[in-house]
Amino acid sequence: MKLLSGKFAIVTGAASPRGLGKATATLMAAHGATIGVLDLEATAAENVARELGDGHVGLACDVTDKAACETAAERLLSAWGRIDILVNNAGITQPLKIMTIEPENYDAVLDVNLRGTLYMSQAVIPQMRRQRSGSIVNLSSVSAQRGGGIFGGPHYSAAKAGILGLTKAIARELAPEGVRANAVCPGFIATDITEGKLTDAMREQILQGIPMGRVGTAEDVAGCCLFLASDLSSYVTGSEVDVNGGSLIH
């Protein structure tokens with residue numbers, strides 16, 4: 001059964017070869033959705049769209065630029081006629097300690113992760129309101145819940161925690177209009193961001209804190225995004241869903 005047949009979905013930051021965005025776009029396309037692949041580089045976004053198959057679209061979009069988000073949404077809306085799903089995946093991290101965070105570090109991490117989530121959501125919400133339907137899926141992190149501890153510095157934890165608050169506020173405001181918003185909180189996931197940055201000792205320490213005993217994959221996160229985007233989760237809004245192998249069991 002294809003869960004997203006006839007749906008139109010935007011996935012930001014979806015061009016990284018082993019990233020959460022591309023895995024999510026790939027799974028959603030396999031379930032029948034038409035995908036708008038957004039990333040900083042047009043060529044990279046177009047290449048991923050081509051990999052997904054006919055009908056998918058790749059566009060350059062800097063999510064920290066409000067006008068760029070609006071332009072991307074308008075271009076896709078003119079082609080599709082509707083926007084059903086937005087996955088706010090674009091993000092960056094920096095492994096800094098509290099006293100080494102400079103203003104430019106703070107600005108970069110907060111802007112891409114948090115401001116970008118706001119701007120892209122603002123770009124699609126008017127159409128979702130007109131449709132009286134839509135699902136926004138925001139990528140937060142276990143770092144927001146436990147105060148970092150793996151890669152991201154305190155400013156990354158703050159940005160991802162901000163996404164949780166923003167998600168709940170969007171969900172509360174838009175629920176009467178049929179639009180849902182939920183957050184996904186991945187734990188340690190093997191992606192391009194983490195590739196080559198782990199020593200054997202670090203990896204062993206991380207695994208000791210994961211009851212399932214393995215590092216997560218991008219596909220693990222994509223599956224949760226698919227659920228939240230689909231009608232299977234039609235009565236779920238304002239939630240934060242852990243995808244961490246049990247590492248944050250309370």
How far apart, in nm, are the 7 Å Cα→Cβ label points at ARG18 and GLU173?
3.8
Which FRET efficiency, nearest 0.05, do ASP65 and GLU240 yield, Cβ-Cβ r, R0 30 Å?
0.65
Just to be sure I understand: with springs between alpha-carbon atoms less than 10 Å apart, which residue in TYR235, TYR106, TYR156 has the highest mean-square fluctuation in the Gaussian network model of the chain?
TYR235
Pull up all non-local amide H partners of SER135: gap of 5 or more, or a different chain, and H-to-H distance under 5 Å with H placed in the peptide plane.
ILE85, LEU86, ARG180
Over the chain, with a Gaussian network built from C-alpha contacts below 10 Å, which listed residue (ILE206, ILE136, ILE125) shows the highest mean-square fluctuation?
ILE206
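Between LEU232 and GLU204, what is 0.36 nm times their sequence separation minus the Cα-Cα distance? Round to one decimal in nm.
Gain in length upon complete extension: 6.5 nm.
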If neighbour count is taken as other Cβ atoms inside 10 Å, put ASP65, ASP200 in order from fewest to most.
ASP200, ASP65
Rounded to the nearest 0.05, FRET efficiency between LEU40 and GLU219 (Cβ-Cβ, R0 35 Å) equals 0.90
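Length gain on complete extension for the stretch ARG75 to ARG146, per 0.36 nm per residue less the alpha carbon to alpha carbon distance?
On the way: separation 71, 0.36 × 71 = 25.56 nm, distance 3.87 nm.
Stretched fully, the ARG75-ARG146 segment lengthens by 21.7 nm.
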Sort MET128, MET99 by Cβ crowding within 10 Å, fewest neighbours at the top.
MET99, MET128
Find me the longest stretch of the chain that has none of the exposed trypsin sites (Lys or Arg not before Pro), where exposed means in a DSSP loop (not H, G, I, E or B) with at most 15 other Cβ atoms within 10 Å.
133-196
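Compute the FRET efficiency between ARG50 and ARG130 as 1/(1 + (r/R0)^6), taking r as their Cβ-Cβ distance and R0 = 30 Å, and round to the nearest 0.05.
Values: r = 30 Å, r/R0 = 1.01.
It comes out at approximately 0.50.
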Longest segment of the chain lacking GluC sites (Glu not before Pro) that sit in a DSSP loop with at most 14 other Cβ atoms within 10 Å
42-194
Separation between Cα centres of the range 1-69 and the range 226-248, rounded to whole Å:
20
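Throughout, read-outs are computed from the coordinates displayed, never taken from laboratory work. Remember, predicted model here, so these are calculated numbers, not experimental data. In this analysis, Cβ positions are derived from the backbone assuming ideal geometry, glycine residues included, and neighbour counts consider all displayed protein chains.
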